[in-house]
């Protein structure tokens with residue numbers, strides 16, 4: 001048995017899915033659809049976080065980025081291509097590790113400032 005409800009809030013579309021099955025006892029509650037800028041921010045923030053945690057090489061592992069950003073592998077690799085074309089990340093072909101560029105860091109900083117400004121004005125996302 002499953003029911004769904006779509007609710008629009010400002011710029012976000014939220015899909016509420018209530019699903020319960022006795023056979024696998026799985027409950028899914030709330031999934032939010034993220035815009036491309038949000039996805040870029042999530043990936044770049046995840047790369048930064050993993051780079052700082054990996055002090056030896058200062059590079060991020062794609063599997064860690066996938067876990068931090070909560071994306072499917074296919075979606076994440078597509079976005080890696082977009083970020084690479086925009087010169088926000090470097091991806092080493094030999095080992096697949098990632099590094100954020102200064103342009104990527106600037107994007108993260110400005111995105112955070114924009115979100116802080118929007119929240120400061122009391123506007124909901």
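Criterion first (assigned to a helix (DSSP H, G or I) and modelled with pLDDT of 95 or more) does residue 44 satisfy it? Yes. Taking every residue in region 44-61 that is closer than 18 Å to residue 83 by Cβ and pairing it with any residue that is surrounded by 12 or more Cβ atoms within 10 Å (Cβ to Cβ) and at pLDDT below 85, at least 6 positions away or on another chain, the pairs with Cβ-Cβ distances below 8 Å are 60/54; 61/54. Within region 101-125, take every residue that is in contact (Cβ under 8 Å) with a residue 24 or more places away in the chain, part of a loop (DSSP other than H, G, I, E, B) and surrounded by 10 or more Cβ atoms within 10 Å (Cβ to Cβ) and give me the one that is farthest from the chain's Cα centre (by Cα). Per the criteria, the residue is 123. When region 46-57 is filtered for residues that are under 14 Å from residue 104 (Cβ atoms) and in contact with a helix residue (DSSP H, G or I) (Cβ under 9 Å, 6 or more places away or on another chain), the ones remaining, listed by number, are 46, 47, 48, 49, 50. Pull up region 75-100, narrow it to residues that are at pLDDT 95 or above and assigned to a loop (DSSP other than H, G, I, E, B), then point me to the one that is surrounded by the fewest Cβ atoms within 10 Å (Cβ to Cβ). If we take residues in region 75-100 being at pLDDT 95 or above and assigned to a loop (DSSP other than H, G, I, E, B), then 87 is surrounded by the fewest Cβ atoms within 10 Å (Cβ to Cβ). Of all residues in region 89-125, those satisfying the criterion of being under 15 Å from residue 59 (Cβ atoms) and touching a strand residue (DSSP E or B) at 6+ places or on another chain (Cβ under 9 Å) are 89, 90, 91, 92, 97, 98, 99, 100, 101, 104.
Yes or no: region 54-72 includes at least one residue that is assigned to a helix (DSSP H, G or I), loosely packed, with under 10 Cβ neighbours inside 10 Å and modelled with pLDDT of 80 or more. No, region 54-72 has no match at all.
The values are calculated or read from the model by the stated rules, or taken from the named source; none is laboratory data. Quantities reported herein were computed from a predicted structural model and do not represent experimental measurements. Backbone-built Cβ (ideal geometry, glycine too); neighbour counts: all protein chains shown.
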